[in-house]
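The values are calculated or read from the model by the stated rules, or taken from the named source; none is laboratory data. Everything numeric in this text was worked out from a predicted model, so none of it was measured. Methodologically, a virtual Cβ is constructed for each residue, glycine included, from the backbone with ideal geometry; neighbour enumeration extends over all protein chains shown. The area values use the complete protein model at the heavy-atom level, side chains included, leaving out ligands, DNA and RNA. Shrake-Rupley method; radii C 1.70, N 1.55, O 1.52, S 1.80 Å.
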Amino acid sequence: MNRQLMCVRCGSTYPCEDWRLRCDCGGLLDVQLDMDGALSHADLATTFQTRLSSPLSQDLSGVWRYRELVLDLPPGEVVTFPEGRTNLYALDPTPLGLSALWAKHEGENPTGSFKDRGMTVAVSWARHQGARALICASTGNTSASLAAYGARAHLPVFVLIPEGKIAQGKLAQALAYGAHTLQIDGSFDDAMHAVEQMATQHNLTLVNSLNPFRLEGQKTIILDSFFQLGQILPDWIVVPGGNLGNTSAFGKALIEMKALGLIDRVPRLAVIQAEGASPFARAAQGNFRHFEPMQPETIATAIRIGNPVSYDKAVRAIRFTNGVVTSVTDGEILQAKHDLDRQAVGCEPASAATLAGLRRLTREQVVRCGESALLIITGNLLKDPDTTIALATGQTAALGVTEASSLAACANEPRHVPSDPETIGRIIEEELQ
Ligand SMILES: *Cc1c(COP(=O)(O)O)cnc(C)c1O
């Protein structure tokens, strides 16, 4: 399919080959698909399904398997692990009064987050275009993912991260995969501002979700879910919102799937923010007439963002899907994380915002009895071991979570025991009581 870049604000178009991050008017750019002459939706569905049995890495990838809707590149130019094709778990819908509840675990991607789906496309395109080096700002997972894909593409990687506000697992990955890692004095939003300047002034390719090719890859979370569920989508798709790249990508995926005739009913998006980093939820309350950035604070570091870069596209996604935006407290996030962890789904805090948000929305009867929902679990449990251990050892107050008392029941501390088999045996029998 033919593609061009199109400004979401003024509609100006540019060739995809242009090295530009924004429109001349400052607006965000979309990769616009020319749907005329596209395959029929039935042919597309068959093509996507047939690739499931292929041994080729571009077909094994849960991103490139959908390449007609993502990006056409010669197979040899694709930088892939492969990624995507993550599991979709059925959870018990009855406590929430729903008819069905699923969790799609994007933490099962090669570097442990959904960022890999976008990164494989952005890095493949950057290498195709002859990029000199790659750069991103990151709360952690983007840098881990870029470091990995950059290493596979043999391209230098620079990552800017906010000092001290990045989970250990993610920092470890960036360092291990050889990224040049710059910890700046400032927030993620400061880092984001800096990389946009660095990219233009030093001829580096920026691969934050401002890069529209990232979002083309992230659309496949919806496509993958659609095929895994037997070519249907649930009533609600619930996703955490930080920089709002996923929200934007999901909206675009649904717009295109509707236009192609793959779906005729559009599911509603529910975007969940942490209360301390909820500028999008606040804007939604005023029907997006006004936007105010905020100083972000939450234990869910992946969504600790006060000035989301994809705001305009995310508004489009909410409007198109008749979606909702809400926020949850850090205490609610930790409770939901505990409940997902105990079902061995397991996730990092930002991902648990989905379940916390769904609980709030069912309480408020925005999500109604008998409806179905899909939670997008964005990141792996091992990304943020410190928070998990704090929750298990009853140390959440030390994380600054004020509702800590209600979380005491989540504790599961290791017990120190003597080494004699008799005592160990007695303790086991005690615990089984
Ligand atoms: C990046 C990230 C988010 C936020 O996604 P956006 O697209 O920036 O809204 C949420 N959860 C995890 C685990 C992430 O890595």
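Residues in region 248-261: is at least one open to solvent by 10 Å² or more (accessible area, probe 1.4 Å), at pLDDT 95 or above and under 15 Å from the mean Cα position of the chain (by Cα)? Within region 248-261, one or more residues are open to solvent by 10 Å² or more (accessible area, probe 1.4 Å), at pLDDT 95 or above and under 15 Å from the mean Cα position of the chain (by Cα). When the criteria are applied in full, T86 fails the requirement of being of a type outside the set (K, R) and either over 14 Å from D224 (Cα atoms) or surrounded by fewer than 19 Cβ atoms within 10 Å (Cβ to Cβ) (or both).
Set side by side, the residues A392, A352, A356 differ, and just one is more than 21 Å from S278 (Cα to Cα) and either small (G, A, S) or modelled with pLDDT of 95 or more (or both), which is A392.
Of all residues in region 204-216, at least one satisfies being over 19 Å from the mean Cα position of the chain (by Cα) and open to solvent by 10 Å² or more (accessible area, probe 1.4 Å). The criterion of at least 3 residues that are away from the ligand (no atom under 16 Å from the Cβ) is met, among strands (runs of 3 or more DSSP E) falling completely within region 132-246, by 180-184.
Of the residues making up region 264-287, just one is in a strand (DSSP E or B) and more than 14 Å from the ligand (Cβ to nearest atom), namely R268. Filtered by the rule that a residue be under 24 Å from T362 (Cβ atoms) and small (G, A, S), region 303-343 gives A314, A317, G323, S327, G331, A336. Apart from one condition, T94 fits all of (1) farther than 30 Å from L5 by Cβ; (2) surrounded by 14 or more Cβ atoms within 10 Å (Cβ to Cβ); (3) without any contact (Cβ under 8 Å) to a residue 12 or more places away in the chain; the exception is (2). Scan region 263-280 and give yes if some residue there is of a type in the set (S, T, N, Q) and open to solvent by 10 Å² or more (accessible area, probe 1.4 Å), otherwise no. Within region 263-280, none of the residues are of a type in the set (S, T, N, Q) and open to solvent by 10 Å² or more (accessible area, probe 1.4 Å). Counting residues in region 328-347 that are touching a strand residue (DSSP E or B) at 6+ places or on another chain (Cβ under 9 Å), within 30 Å of D264 (Cβ to Cβ) and either surrounded by fewer than 22 Cβ atoms within 10 Å (Cβ to Cβ) or in contact (Cβ under 8 Å) with a residue 24 or more places away in the chain (or both) gives zero.
In region 160-185, the qualifying residues are those that are open to solvent by 30 Å² or more (accessible area, probe 1.4 Å) and small (G, A, S), and the one that is farthest from D386 (Cα to Cα) is G178. In this structure, is N109 in contact with an Asp or Glu (Cβ under 6 Å, 6 or more places away or on another chain) and either open to solvent by 10 Å² or more (accessible area, probe 1.4 Å) or closer than 27 Å to K219 by Cβ (or both)? So N109 passes the test.
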